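Have a look at the structure below before the remarks.
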Amino acid sequence: MNFNLLLKFNDGTEKEVTGKASDIVAFEERFDISMQSLQKDVRVTHLMFLAWHSEKRTGATKDSFEKWVDTVDTIEAAEPKK
């Protein structure tokens, strides 16, 4: 159930974030939609929330979602590392 997202921040740094089942559960609770619906209607907000929740869970950020989003330039799906 893991997923990877590549973040590019406003300061030029990049980071690959790996999400877990707990991030997916938080996503479904927050937006009241299943992860399956992302395949039909991908929104940047959804990807940002998944990445932020992973960062929050791992202690990489203490920022609120809105404050953290202001630091991100782009986000995209990333291939899992082998």
- Note on the structure: Selection from region 27-53 of residues within 15 Å of Phe65 (Cα to Cα), without any contact (Cβ under 8 Å) to a residue 40 or more places away in the chain and either among the hydrophobic types (A, V, I, L, M, F, W, C) or not in a helix (DSSP H, G or I) (or both) yields Phe27, Phe31, Val44, Met48, Phe49, Trp52
- Does Lys56 count as over 13 Å from the mean Cα position of the chain (by Cα) and assigned to a helix (DSSP H, G or I)? no
- Item | Residue within region 67-78 that is within 13 Å of the chain's Cα centre (by Cα), assigned to a helix (DSSP H, G or I) and without any contact (Cβ under 8 Å) to a residue 12 or more places away in the chain present | no
- Does Lys56 qualify as being without any contact (Cβ under 8 Å) to a residue 24 or more places away in the chain and surrounded by fewer than 15 Cβ atoms within 10 Å (Cβ to Cβ)? no
- Note on the structure: Selection from region 15-44 of residues surrounded by 12 or more Cβ atoms within 10 Å (Cβ to Cβ), more than 23 Å from Glu79 (Cβ to Cβ) and not aliphatic (A, V, I, L, M) yields Glu28, Arg30, Phe31
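Results for (1) under 20 Å from Gly12 (Cα atoms); (2) modelled with pLDDT of 95 or more; (3) of a type in the set (S, T, N, Q), shown as yes or no for each residue.
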site	(1), (2), (3)
Gln39	no, no, yes
Thr58	no, yes, yes
Thr61	yes, yes, yes
Asp73	yes, yes, no
- Item | Residue, nearest to Trp68 (Cα to Cα), within region 1-26, restricted to residues that are in a helix (DSSP H, G or I) and of a type in the set (A, V, I, L, M) | Ala26
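The values are calculated or read from the model by the stated rules, or taken from the named source; none is laboratory data. Because the structure is predicted, anything quoted here is derived from the model rather than measured. For neighbour counting, all protein chains shown are included, and Cβ atoms are generated from backbone atoms with ideal geometry for every residue, glycine included.
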